[in-house]
Every structure is written in C-alpha cells, then in structure tokens.
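Asks: Sharing a structure, written as structure tokens. Questions coming.
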Amino acid sequence: MNDWVDAEEHVERAHEHYEAGRWDDAEAELRRALALNPYQAEWQFNLGLTLEAAGRYEQAIDAFRACHELRDGDGPAALAMGINLIRLNRPREAVEWLEQAERLDPSSVTPIVHRIDALTDLGELEQAELAFYMGQQLDPQNPDLYSAMADALLARRDFERAIWCLREAARLSPDMPRINARLARAYAATGRQERARQLYHRELRLDPGDVDTLLDLGDLLVDMHRFDEAGEKYRRVLELEPDHPEAHFALGVLAAEQGRLHEAGVQFDVVLRLEPDHPEARTRLADLLLSSGRDQDVRRARELLLQELRRCRVPENQDADALDLLGQLLLDADLSREGARVLQRVLELRPSDHRAHHHFSVALLETGDLEGGIEAAKAALRLNPRFVPAMHNLALAYLRRGEWLRARYWARQALAIDPDDASLRRLRLMMAAHTGFAFARFLAISAWSAWKRVWSCIGRPTRQAAQRS
C-alpha cells in the first residue's frame, strides 16, 4: 500500500514538473513511479509525452510501445509512435503504426493527417491524396487535413492546388501557426513574389519574432533583387538569435553576390564554428578561397574540401547537387582523383542526367584516363545529342590521342550547333594551323622527293660516258 501511495506522489510531482517545462525532473519522477509499479500503461504514456517534449523521440517511442503492450489496442499510443517515427525520418514504420491507429479509432481523422505526412516523405503522393479523400469523408472541415495535403501537393510541385488547400486551411483555422508564411512560399514558387511578400509581412505582424518567417522573407527579397531589405531581415534574425547559423550563412551568400568576398568569407567561417557539419558553408568558403588564387588560400581550400569529402561519405549526407559542386571544386583545386570519385557517385545517383555524365567525363580527362573520358562524353551525347560541351571534350580528347580527323569531326559538329562559342573557335584555329603545318610539311616532303628524282636523272652518268671513262 505504501508503494502505491509513493508511486502516486511521484506521478503528481511529475505532472507539476511537466506543466513547468522541467522535463528532466518530470522524467525522473515518472521513472521512480514506474520502478514501484511498472504495469501502469498511463504512466508509460505520460513518460512518452515527457520524452517527446524534451526532443528525445527514440526513447519516447520505447515508452509509447510499452504503453501499447500493457494496454493492447491503445490507439493514442499507436498514433504517438507514428508521429515520433516521422520525426525520426522513419516514415515506412510510421505508416504501419498510423494505419493501426486508424483501425483502433476509425472515427478520428488525426491518424490520417499524419499518414499523409508519412506518405509524402516516402514520395507516395497518389496514396497521400487517396488518404486525404478518406479523411474528408470523416471530417470535411478539418484544417490540419488540408494543411497536410498542401505539403503533399507542394512536393509534387502542384502549386495551384497546394495554394487552394492552404487557403482552405487558413479559412478554417486563421490562427494556424505559420499558415500565411506557408502560403507565401507557395505563391513565391509560382512567381507571384509581391503577393508572397505581402503574406510574409502579414505573418510577421502576427508574430514579429518568427525567425523562420524572417529568413524566408529574406530569401524572397534576394530573389526580388532587394538586397538591402534582405540583409535587414537576416540581421534582425541575429538580433533575436545571435548564434543562428542559417542567418550568418544567408548574409555570407548575400555578401558574395554583391562582391564583398572578404565579408562573405568571415560569415562562412562563423557558420562553420557554429555548425561544423553545415551542408554548404565549407564548399562556399572553399570556392571563395580558390577564386583568390593565393597559395595559402588554395591550401586551406584543399583542406576544407577534403573535410567535406569525409563528411559526404556518410550516405545520409549524399545530396546529388552538393556532391556535384564538391566534385567540380575538387577539380579546380587540382584534386582530380578525389573529384573523379565524387562525380562517379553523382552519376550513380543521377544515371539519366547528361550533365552528370559530362562532369564525370571532365574528371576522367583531368586524371589522364582518355578512354574513360571519351566513353563518358559519348554517354552524355546519347542522352542529349546536341550537348556542345561534351563534343568539345571529345575533340580535345582525340587531339591528345593524336587522332586529328576525329577531333575535327567533333569540332565541326559542335560549331554547327554553336558557331559563336569562343573556345570552339580557338580549337578550330588550332586545328587549322595544324592542318596548314601538315600541308606545308607535305609540300616540303613532296618537293624534296621530286628534287631528288630530278637530280638523280640529271646527275646520273650515262652508260656511254661510263664506258669512255
């Protein structure tokens, strides 16, 4: 009996700590209560809520699972597990638990809303739309349902329908968090930048300290070439959160766009100190250092690129665009073999992209692998027969192999498509000079051979003369 009373007291204190936002203390009290009575499903559920509030989603799932096992058929526990699995980027598992939550509580639309989120993360957008229509049959006035469907439509780049869903969500719930900002982003994607700007300002009137909205508005103003206003928004973020890495990064990009390279480098350095694994700051800084051309800057750029190469070896960090940029910067830094390996990985991620084949061809040619470079360039042309850079590379590769006829063929093909290309004109002049030199050499050899034959006829003694002598 005393154990039961003590456990209840621990639970009461846990509630007090939870309400005050003291997650660690609430967790400790709940664990003490569960140590005395581990078979209380409700306490396991409360522990899951506490861990979820503290951002410890993996442990929260364990607590919700324990609740589900203790109270078989617990819909809220299945729903909570699905939500936290989405947060951990495990949407396939999330779908299974959310479907179970739907079966356990068929009258609730909430599991369907989150299943749409999970299906969107999986890229199964048609299934997400089907789930939306099922949710409409249960609750056609649910704003969260329209909001989730808008995200799926944005992933499909169906912006007009996404705008309609977001407007419905805003009509049904005008106080929905960041609804105006999300609508603004959709309008910006359709090119209606002024309307997007107005919606961002409307969101900021409701919440002037919303950092995400300030950053999004700054990015929009950059796209609108209103750089001074964009810089003001980014600096406003730093007034609210001085150590915000994305604001420093945005200021660095803005400074680079305006030619203030030293300031851009300082901002990217700050980003790397705040967030060493930032996905772009290291390559941006390396690009700036390489452009300076100074030996010490080039050395540091190589170090940064090799660090980024180590970071990108982790599969979760392998974004094709980021790898493509990294590979090209490695080539610029005379790290051709490393660049070739990175660009080969880009090609594996995007096998039907002719530019990926082209960049891989450049890397192979830089390493001296002429055969591989030629094959990669031809692969690019099979995907895009009018891709001039691949033709240019083929001409150069055949020149290196001394196959002038094939080089001239590819140069002529490229010039027929782009007669104003300066590099192709230089290549044509070089081959014309080679042709002229070869023709002059042929004439000289032919003239010398003819002269030898004439001289042999003139200078040879006659038989009679030989006899007289």
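Values in this text are rule-based calculations from the coordinates and carry no lab data. Predicted model, so just to flag it, every value in this text is computed and none were measured. Note: ideal-geometry Cβ built from the backbone for every residue, glycine included; neighbour counts use all protein chains shown.
Asks: What is the Cα radius of gyration of region 204-306 over 2.2 N^0.38 Å, N being its residue count?
Replies: Against the compact-globule rule of thumb, the ratio is 1.13.
Asks: Additional query: For the chain, what are the DSSP H helices with axial Cα length of 27 Å or more and mean Kyte-Doolittle hydropathy of at least 0.0?
Replies: Result, helices passing both filters: 422-459.
Asks: Per DSSP H run of at least 4 residues, take -39500 (n - 2.57); add these up for the chain, divide by its residues and hand me the 222 nm value, nearest 500 deg cm²/dmol.
Replies: -26000 deg cm²/dmol
Asks: Now for a separate question. Mind putting together the pair-distance distribution for region 1-110? All Cα pairs, 5 Å bins, whole percent per bin, short to long.
Replies: 2, 14, 22, 21, 19, 12, 8, 2, 1
Asks: Starting from the 7 Å offset along Cα-to-Cβ, what nm value, one decimal, do you get for the label separation of residue 313 and residue 205?
Replies: 5.4 nm
Asks: Residue 138 to residue 176: FRET efficiency via 1/(1 + (r/R0)^6), r the Cβ-Cβ distance, R0 22 Å, to the nearest 0.05?
Replies: 0.70
Asks: Then there's this: Taking K and R as +1 and D and E as -1, what net charge do the other residues with C-beta under 15 Å from the C-beta of residue 28 add up to?
Replies: -3
Asks: Once label points are set 7 Å from the Cα along Cα→Cβ at both residue 158 and residue 355, what is their separation, rounded to one decimal in nm?
Replies: 2.7 nm
Asks: I want to verify the translational diffusion coefficient of region 255-295 in µm²/s; compute it with Stokes-Einstein, Rh as the Kirkwood radius over Cα pairs, at 37 °C and 0.692 mPa s.
Replies: 317 µm²/s
Asks: Quote the convex hull volume per residue of the chain, based on C-alpha atoms, as a whole number of Å³.
Replies: Per residue, the Cα convex hull of the chain comes to 243 Å³.
Asks: So how much slack lies between residue 341 and residue 36, counting 0.36 nm per residue of separation and subtracting their Cα-Cα distance, in nm?
Replies: Stretched out fully, the residue 341 to residue 36 stretch lengthens by 104.1 nm.
Asks: For region 259-374, what does the relative contact order come out to in percent, with C-alpha contacts under 8 Å and a separation of six or more?
Replies: About 16 percent, as a whole number.
Asks: Once all Cα-Cα distances of region 59-99 are split into 10 Å bins that start at 0, what whole-number percent is in each one?
Replies: It works out to 36, 56, 7, in whole percents.
Asks: Here's another thing I want to ask about it. Thinking of region 149-216 as a set of Cα atoms, what percent of all their pairs are more than 19 Å apart?
Replies: Tail of the P(r) past 19 Å holds 27 percent of the pairs.
Asks: With a Förster radius of 22 Å, plug the Cβ-Cβ distance of residue 348 and residue 125 into 1/(1 + (r/R0)^6) and report the FRET value to the nearest 0.05.
Replies: The pair residue 348/residue 125 has a calculated efficiency of 0.35.
Asks: What relative contact order, as a whole-number percentage, does the chain give when Cα pairs under 8 Å and 6 or more residues apart are counted?
Replies: Answer for the chain is 4 percent.
Asks: Give me the net charge for the shell around residue 126: Cβ to Cβ below 14 angstrom, other residues only, Lys and Arg +1, Asp and Glu -1.
Replies: That sum, taken over residues with Cβ under 14 Å, equals 0.
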